[in-house]
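One structure below.
The values are calculated or read from the model by the stated rules, or taken from the named source; none is laboratory data. Since the structure is predicted, the reported quantities are computational estimates derived from the model, not experimental observations. In this analysis, Cβ positions are derived from the backbone assuming ideal geometry, glycine residues included, and neighbour counts consider all displayed protein chains.
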Amino acid sequence: MNIDKEISYRSARAIRCLSFNSQFYIDVKKNGLMATTVFKKKAKYFSSKNIWFQGPNEIESDFQWLITLGILRREVDGQGLTSKVRLTPMGREIIETRPELFRKKPYLLERLANCIFRKLVLR
């Protein structure tokens, strides 16, 4: 898959800036995950002990951002969309080709750019 450089950069920046760790992306690749499951298993899925999530709604907001960027997609069953998310082929490629994403902390300017871009896009 040939991913545009800007899309790849923006997606990688979002992955670094969010609190999900590599285990989250491994599990979301294998099985769909729901926000409530991720919230209940905070210690397993978050990269930091200082987690600000107060409930599944905040996690759902991060899911929505990753869906907007094309990293995640909603899982579909026989009745339509579910509350589970899975990695898209693009998300899978970014995660597999850039394992350093989970070791590198985002710079302050990257966090700021991600925040601003997210606020503008998700209006």
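Worth pointing out:
- Helices (runs of 4 or more DSSP H) (entirely within the stretch 20-123) containing at least 3 residues that are of a type in the set (A, V, I, L, M) and exposed (fewer than 11 other Cβ atoms within 10 Å of the Cβ): 108-121
- Selection of the stretch 18-36 for residues being under 17 Å from SER47 (Cβ atoms) and among the hydroxyl-bearing types (Ser, Thr, Tyr) yields SER19, SER22, TYR25.
- Restricting the stretch 65-105 to residues that are aliphatic (A, V, I, L, M) and touching a strand residue (DSSP E or B) at 6+ places or on another chain (Cβ under 6 Å) leaves a set whose member that is modelled with the lowest pLDDT is LEU81.
- Listed by first and then second residue, the pairs with beta-carbon distance under 8 Å, at least 6 apart or on different chains, first residue in the stretch 1-18 and in a loop (DSSP other than H, G, I, E, B), second of a type in the set (D, E, K, R), are MET1/GLU93; ILE3/GLU93; LEU18/ASP62.
- Among residues of the stretch 92-109 that are farther than 16 Å from GLY70 by Cα, those with a beta-carbon under 6 Å from a residue that is among the polar types (S, T, N, Q) at least six positions away or on a different chain give the pairs PHE102/SER22.
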